[in-house]
1. Which residues, taken from region A:14-51, are without any contact (Cβ under 8 Å) to a residue 60 or more places away in the chain, more than 10 Å from every other protein chain (Cβ to nearest Cβ) and farther than 17 Å from A:Thr77 by Cβ?
2. When you go through (1) more than 13 Å from the chain's Cα centre (by Cα); (2) at the interface with chain A (Cβ under 10 Å from one of its Cβ atoms); (3) surrounded by 15 or more Cβ atoms within 10 Å (Cβ to Cβ); (4) more than 24 Å from A:Tyr89 (Cβ to Cβ) one by one for B:Gly43, which number turns out not to apply?
3. Only one of these is at positive phi and either more than 14 Å from every other protein chain (Cβ to nearest Cβ) or modelled with pLDDT of 95 or more (or both): B:Lys63, B:Lys71. Name it.
4. Working only within region B:74-110, note down all residues that are facing chain A (nearest Cβ under 9 Å) and either of a type in the set (Gly, Ala, Ser) or in a strand (DSSP E or B) (or both).
5. Assess whether B:Gln72 counts as being in contact with a Cys (Cβ under 8 Å, 6 or more places away or on another chain) and under 24 Å from A:Trp34 (Cβ atoms).
6. Quick one: in region A:79-115, which of the residues that are part of a strand (DSSP E or B) and among the small types (Gly, Ala, Ser) is farthest from the other protein chains (Cβ to nearest Cβ)?
7. Only one of B:Glu15, B:Glu52 is within 13 Å of another protein chain (Cβ to nearest Cβ) and out of contact with any Gly (no Cβ under 7 Å at 6 or more places or on another chain). Can you tell me which?
8. Name the one entry in A:Ser65, A:Ser69, A:Ser94 that is farther than 11 Å from A:Arg36 by Cβ and in contact (Cβ under 8 Å) with a residue 24 or more places away in the chain.
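The values are calculated or read from the model by the stated rules, or taken from the named source; none is laboratory data. Small disclaimer: the values here were computed from a predicted structure and weren't measured. Counting neighbours? That spans all protein chains shown, and the Cβs are built from the backbone with ideal geometry, glycine included.
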Amino acid sequence: DAGITQSPRHKVTETGTPVTLRCHQTENHRYMYWYRQDPGHGLRLIHYSYGVKDTDKGEVSDGYSVSRSKTEDFLLTLESATSSQTSVYFCAISTYPGQGRETQYFGPGTRLLVL
Amino acid sequence: SQKIEQNSEALNIQEGKTATLTCNYTNYSPAYLQWYRQDPGRGPVFLLLIRENEKEKRKERLKVTFDTTLKQSLFHITASQPADSATYLCARSSGTYKYIFGTGTRLKVLA
């Protein structure tokens with residue numbers, strides 16, 4: 001499982017409140033990702049990071065920000081949560097980037113409910 | 001835009017039969033395609049990667065094919081077992097170190 005943990009695993013919050021999800025890895029991988037998974041949409045990339053303080057947007061980045069101050073931690077923040085951000089959030093790392101044998105390893109997920 | 005399409009309908013098959021799942025992509029061929037398994041309440045787990053120049057890849061009871069003419073990958077599970085029941089996701093590379101996933105196909109193997 002590449003030593004990936006996510007916290008919290010479950011969260012219920014109210015519309016308009018800020019929420020931060022944490023992804024922690026123990027194997028020093030350079031590339032980290034945040035996805036959301038919704039019925040009918042599959043996994044969609046929110047943001048990803050290719051190094052400390054190096055991040056870029058994915059296809060559904062509006063309303064989300066990320067930070068990576070240490071190799072092992074990648075934080076996803078919902079500045080002002082909305083009901084449309086109710087989802088399951090997965091963190092992932094990528095091994096062997098750019099070598100044609102990439103593999104993504106996923107964390108256990110965080111279930112977020114915004115009321 | 002690049003897309004990955006998988007049959008969203010569930011696939012039910014009898015134990016012992018071969019399950020075949022389809023992944024279609026649009027636009028240019030990706031350098032490779034990946035297949036993942038996802039069980040309820042868990043994150044996806046990597047199964048196989050097949051490169052553009054490979055026709056077929058095997059791993060135990062799993063076989064993946066890549067047809068750049070049809071823009072399609074097929075994922076086969078031979079001698080299927082109830083424990084193979086899960087959702088299977090296809091993913092393609094998209095630009096630099098990014099990936100696009102299909103919505104997945106739910107497989108149920110009936111005992």
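1. Passing the criteria: A:Thr26, A:Asn28, A:Gly51.
2. Only one criterion is unmet by B:Gly43, namely (4).
3. Working: B:Lys63 fails: at positive phi.
The unique qualifying residue is B:Lys71.
4. Going through region B:74-110, the residues facing chain A (nearest Cβ under 9 Å) turn out to be B:89, B:91, B:93-94, B:96-104.
Correct list: B:Leu89, B:Ala91, B:Ser93, B:Ser94, B:Tyr99, B:Ile100, B:Phe101, B:Gly102, B:Gly104.
5. On the way: in contact with a Cys (Cβ under 8 Å, 6 or more places away or on another chain): yes; under 24 Å from A:Trp34 (Cβ atoms): no.
No, not satisfied.
6. Taking region A:79-115 as the starting set, the residues that turn out to be part of a strand (DSSP E or B) are A:87-95, A:103-106, A:110-114.
Restricting the remaining residues to those that are among the small types (Gly, Ala, Ser) gives A:87, A:92, A:94.
Values: A:Ser87: 14, A:Ala92: 8, A:Ser94: 6 Å.
Of everything passing the filter in region A:79-115, A:Ser87 is farthest from the other protein chains (Cβ to nearest Cβ).
7. Values: B:Glu15 fails: within 13 Å of another protein chain (Cβ to nearest Cβ).
Going through B:Glu15, B:Glu52 in turn, just one is within 13 Å of another protein chain (Cβ to nearest Cβ) and out of contact with any Gly (no Cβ under 7 Å at 6 or more places or on another chain): B:Glu52.
8. Numbers: A:Ser65 fails: in contact (Cβ under 8 Å) with a residue 24 or more places away in the chain; A:Ser69 fails: in contact (Cβ under 8 Å) with a residue 24 or more places away in the chain.
Just one listed residue meets the conditions, A:Ser94.
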